[in-house]
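The values are calculated or read from the model by the stated rules, or taken from the named source; none is laboratory data. For clarity, every value in this text was computed on a predicted model and none was experimentally measured. Every residue, glycine among them, receives a Cβ derived from its backbone with ideal geometry; neighbour counts consider all protein chains shown.
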Amino acid sequence: MTFVVSPEGDTQKISTIEQAFYWLRRKWPVTDHNRDFALDRIDAAMNCLVTVEDARKAFLSAARSAGFMPGGIARPDSGHSQQMT
């Protein structure tokens, strides 16, 4: 998945479970239930307690709730795109 992370169009590709875990813990724009659930699912997947697909779905849900949308739709509160591909 690739996210646009700045108004200038800088992107960040998240391609590993470790990157997803880091971004959720350190760089995520919102703290909500979806983020917390994704962190739990990713941690569980890293410990072979749930599937990586379960963790991915939780991460995508957290991305949507944070305003990351497919196609670069702008977040209403930021005025810039955060793209998820």
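Descriptive notes on the structure:
- Pairs, first hydroxyl-bearing (Ser, Thr, Tyr) in region 55-66, second surrounded by fewer than 17 Cβ atoms within 10 Å (Cβ to Cβ), C-beta under 6 Å, six or more apart: 65/32
- Within region 17-48, the set of residues being in contact (Cβ under 8 Å) with a residue 24 or more places away in the chain and in a loop (DSSP other than H, G, I, E, B) comprises 28, 29, 30, 32.
- Applying the criterion of being touching a strand residue (DSSP E or B) at 6+ places or on another chain (Cβ under 9 Å) and under 15 Å from residue 65 (Cα atoms) to the residues of region 17-48, the residue that is modelled with the lowest pLDDT is 27.
Table: residues versus (1) at pLDDT below 95; (2) outside any loop (DSSP other than H, G, I, E, B); (3) surrounded by 15 or more Cβ atoms within 10 Å (Cβ to Cβ).
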{"position": "8", "(1), (2), (3)": "yes, no, no"}
{"position": "15", "(1), (2), (3)": "yes, no, no"}
{"position": "50", "(1), (2), (3)": "no, no, yes"}
{"position": "58", "(1), (2), (3)": "no, yes, yes"}
{"position": "63", "(1), (2), (3)": "yes, yes, yes"}
